[in-house]
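Asker: To start, I am sharing the structure in question, which I have written as structure tokens.
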Amino acid sequence: MSTKIAFADSRKPKGSSMGDPSPLAVFGKIPGPALLFDKRGSFAGLNPEGQWLASFIQQHPDSTAVETLVGICGQVQKDKSSLVHSFVVTRDDSNLWIDATILSDDMGNVILLCRNATIDVNMRTALIDSRQRYKDLVEISSDFAWEADINVIFTFVSPRGAMGFPASTIVGAAARAFLFVPDTAQQEFAFESRHPVERSEIWMRDSEGNPVCLLASAKPLFTPDGQFSGVRGVCRDVTADRMRENELARRKAREQVVDFIVDAVRNEAKPDNMLKTAVRSVSRAMLSTSCAVYKTDDSGKLVSAAKHGNLPHGRRLSAIVNSLPTARESYETKLDEYQVFVETTHYRGVPNGATVLCRDAGGAPWDEDDRLLMQAVAGQLGIALQQIAEQQELILLSRTDSLTGLLNRRAFMEELERAKERTTRNRASSAILFLDLNNFKYVNDTQGHDAGDRVLKRLAEALHSATRSYDFVARLGGDEFVVWLENVDKETARRRAAAILASSRMLTDAVSHDPAKKLGLSIGIAIFDTDHPESAQELMSRADEAMYRAKNNNKKNIAIARHKHGSGQKSRELRGINDTFTNV
């Protein structure tokens, strides 16, 4: 069969069987292109729809499509058979898919009955592409697709699986079996919903039993008669997002608590009040029964600085606290009827204290949020303890004499006012001892100021040793010292003064090289009597005057001041009071 095409009229081809209808007679009724080749391979007829196809065959005889078509036609003519063949042709710059049925008759003619299948092919190709696209997206997506039947049993899940499980484990399992806490699920959730669901949050469990937060969107499935048949949807694992959100929320809450504590502490001017406010604020913020703050003392031991509420046994708690700086940063234990949490505080990496929290033994145990909050609080308290220590040091420096460490004049006068108020409330009497060294200038002139400083410091130590915890001593300047003796009468004050003289003799004798310039001590005593009120300055003046009387009376040792009656009245000595005591 040649590729030569010869157009012919619609007459019955030669050799056609008499009585058989000619193919040309029915070509006009065929909706698609219809072509007729005679037994010599020449083109014998066509219908109107076949004209463009005939033109294509004539114009592209050497194309693969035409050559293949001609070869099939020759095979069909030879075998007197029929075949179905599809090929592509170009029309108006567009490719057309042609499905052709090729058959032969008894006379050797070949008939092509064609149908334009371009739309079908395009739709099929689009469907295949769509399915492949969906398959690829499902497989590579971080989400997973799923389908469950009417019994909420998974019938499909993305090939890569979900929640750490392979797909084979999920398919065939009930959706509720993967809930993290089955009893907490809502009555109807995304995997079995009869209504469309958008971004429903569900907590499931992964292959290791850990909680997984899924954001589920689902659509119910129904049979043609409206019966529920299952659910289809997708899930996104948002666990990391939720954990991050929760951590940010917890961090914000911790920051708010720490800010509250810091503000509360900063609003207090006095160091003691700062710590009291701190323990009260920490206890409330941590929902604890009690709280205590320990600070490092001069020996390096941690001692209680402030507390709020009832704490466990003091010695046992102190032992635990003092084991922390060298043993660990924090410690949790049960002590008595309390849960105890101890966190070391630091300043620039150096332990400087500890925070102790207590809860009832039956209360909620300490959790990770508590620990993180305690770390943040301890960090701030470490700074606060350092600031308080520095503030106390500044206060101490402003109130003490730099050489002897005793109170200075200003601090002594402040303490004296408070001491007078206590004595007045108690309806008692107290005393001031005004002390001055005799011939001290001679020591400085002959032995040097270093020797004089040693004398002053040793005298300060002797005075400090001779007083009780509620008495206080000050160096007013130069070689002048003053002592407040609380709740003592005249005779007790005299005996205490005599004891001070006795204890200082070893000191004064050690530096007295010239008998004519012997170092000594003169003491003036003024009794504060609540029946004869006077100001602190008046009391000091009386003691000072008594000291000078002792010094000027051949440097005898002790003199008791005269007491004056009433303001504006003529002063006189009280009966029964000797002006000066001789050496003792």
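The values are calculated or read from the model by the stated rules, or taken from the named source; none is laboratory data. All values reported here derive from a predicted model rather than from experimental measurement. Positions of Cβ are generated from backbone atoms using ideal geometry, with glycine treated the same way; all protein chains shown enter the neighbour counts.
Asker: With the condition kept exactly as written, say whether any residue in the stretch 355-365 is among the small types (Gly, Ala, Ser), crowded, with 22+ Cβ neighbours inside 10 Å, in the same structural domain as Ser304 (by TED's automatic domain parsing) and touching a residue at least 60 places away in the same chain (Cβ under 8 Å).
Answerer: Within the stretch 355-365, not a single residue is among the small types (Gly, Ala, Ser), crowded, with 22+ Cβ neighbours inside 10 Å, in the same structural domain as Ser304 (by TED's automatic domain parsing) and touching a residue at least 60 places away in the same chain (Cβ under 8 Å).
Asker: Being touching a Pro at 6+ places or on another chain (Cβ under 8 Å) and assigned by TED's automatic domain parsing to the domain that holds Gln537 narrows it down to one of Thr424, Thr446, so name that one.
Answerer: Thr424
Asker: Could you tell me which of the residues Thr424, Thr446 is surrounded by fewer than 16 Cβ atoms within 10 Å (Cβ to Cβ), touching a residue at least 60 places away in the same chain (Cβ under 8 Å) and closer than 29 Å to Asp489 by Cβ?
Answerer: Thr424
Asker: Additional query: Considering only residues that are at pLDDT 85 or above and not in a helix (DSSP H, G or I), look in the stretch 166-184 and name the one that is farthest from Val212 (Cα to Cα).
Answerer: The selected residue is Gly172.
Asker: Can you tell me which condition Thr404 does not meet? The list is (1) modelled with pLDDT under 85; (2) more than 17 Å from Val282 (Cβ to Cβ); (3) crowded, with 17+ Cβ neighbours inside 10 Å, and all the others hold.
Answerer: Exception for Thr404: condition (1).
Asker: Determine which single condition Phe260 fails, assuming it passes every other condition in (1) surrounded by fewer than 17 Cβ atoms within 10 Å (Cβ to Cβ); (2) within 28 Å of Thr333 (Cβ to Cβ); (3) among the hydrophobic types (A, V, I, L, M, F, W, C); (4) modelled with pLDDT of 80 or more.
Answerer: (4)
Asker: May I pose another question? Among the residues of the stretch 74-106, which ones are loosely packed, with under 14 Cβ neighbours inside 10 Å and in contact (Cβ under 8 Å) with a residue 40 or more places away in the chain?
Answerer: Once the filter is applied, which keeps residues that are loosely packed, with under 14 Cβ neighbours inside 10 Å and in contact (Cβ under 8 Å) with a residue 40 or more places away in the chain, the stretch 74-106 yields only Asp106.
Matching residues to (1) at pLDDT 90 or above; (2) in the same structural domain as Phe27 (by TED's automatic domain parsing); (3) in contact with a Leu (Cβ under 8 Å, 6 or more places away or on another chain):
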{"position": "Asp79", "(1), (2), (3)": "no, yes, no"}
{"position": "His85", "(1), (2), (3)": "yes, yes, yes"}
{"position": "Asp93", "(1), (2), (3)": "no, yes, no"}
{"position": "Asp99", "(1), (2), (3)": "yes, yes, no"}
{"position": "Val121", "(1), (2), (3)": "no, no, no"}
{"position": "Asp129", "(1), (2), (3)": "no, no, no"}
{"position": "Gln132", "(1), (2), (3)": "no, no, no"}
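Asker: Continuing with the same structure: List the strands (runs of 3 or more DSSP E) inside the stretch 321-412, counting only whole elements, that have at least 2 residues being of a type in the set (A, V, I, L, M).
Answerer: So the answer is 338-347, 350-360.
Asker: What pairs can you find where one residue is in the stretch 286-297 and surrounded by fewer than 22 Cβ atoms within 10 Å (Cβ to Cβ), the other is in a loop (DSSP other than H, G, I, E, B), and their Cβ atoms are less than 6 Å apart, with a gap of 6+ or different chains?
Answerer: The qualifying pairs are Thr289/Gly309; Ser290/Gly309; Ser290/Asn310; Ser290/Leu311.
Asker: Please determine, by comparing only the residues of the stretch 33-51 that are in a loop (DSSP other than H, G, I, E, B) and touching a helix residue (DSSP H, G or I) at 6+ places or on another chain (Cβ under 9 Å), which one is nearest to Ile72 (Cα to Cα).
Answerer: Gly41
Asker: Restricting attention to the stretch 107-116, report how many residues are in a strand (DSSP E or B) and either among the hydrophobic types (A, V, I, L, M, F, W, C) or loosely packed, with under 14 Cβ neighbours inside 10 Å (or both).
Answerer: Summing the residues that are in a strand (DSSP E or B) and either among the hydrophobic types (A, V, I, L, M, F, W, C) or loosely packed, with under 14 Cβ neighbours inside 10 Å (or both) in the stretch 107-116 gives 5.
Asker: For the stretch 509-527, enumerate the residues that are over 23 Å from Ala460 (Cα atoms) and not aliphatic (A, V, I, L, M).
Answerer: Asp514, Pro515
Asker: Got at least one residue in the stretch 302-325 being touching a residue at least 60 places away in the same chain (Cβ under 8 Å) and of a type outside the set (A, V, I, L, M)?
Answerer: Looking for residues that are touching a residue at least 60 places away in the same chain (Cβ under 8 Å) and of a type outside the set (A, V, I, L, M), one finds none in the stretch 302-325, hence no.
Asker: Ile560 is checked against (1) modelled with pLDDT of 90 or more; (2) closer than 21 Å to Leu406 by Cα; (3) aliphatic (A, V, I, L, M) and fails just one. What number does that condition carry?
Answerer: Unmet condition: (2).
Quick grid of which residues meet (1) crowded, with 18+ Cβ neighbours inside 10 Å; (2) assigned by TED's automatic domain parsing to the domain that holds Trp146; (3) of a type in the set (Lys, Arg):
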| position | (1), (2), (3) |
| --- | --- |
| Pro196 | no, yes, no |
| Trp203 | no, yes, no |
| Asp206 | no, yes, no |
| Ala218 | yes, yes, no |
| Phe228 | no, yes, no |
| Arg232 | no, yes, yes |
| Arg242 | no, no, yes |
| Lys270 | no, no, yes |
| Thr277 | yes, no, no |
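Asker: Let me confirm something: among Ala497, Ala516, Ala510, which residue is surrounded by 13 or more Cβ atoms within 10 Å (Cβ to Cβ) and not polar (S, T, N, Q)?
Answerer: The conditions single out Ala497.
Asker: For Val212, which of the numbered conditions (1) closer than 24 Å to Ala240 by Cβ; (2) exposed (fewer than 13 other Cβ atoms within 10 Å of the Cβ) fails to hold?
Answerer: Checking Val212 against (1) closer than 24 Å to Ala240 by Cβ; (2) exposed (fewer than 13 other Cβ atoms within 10 Å of the Cβ), the one that fails is (2).
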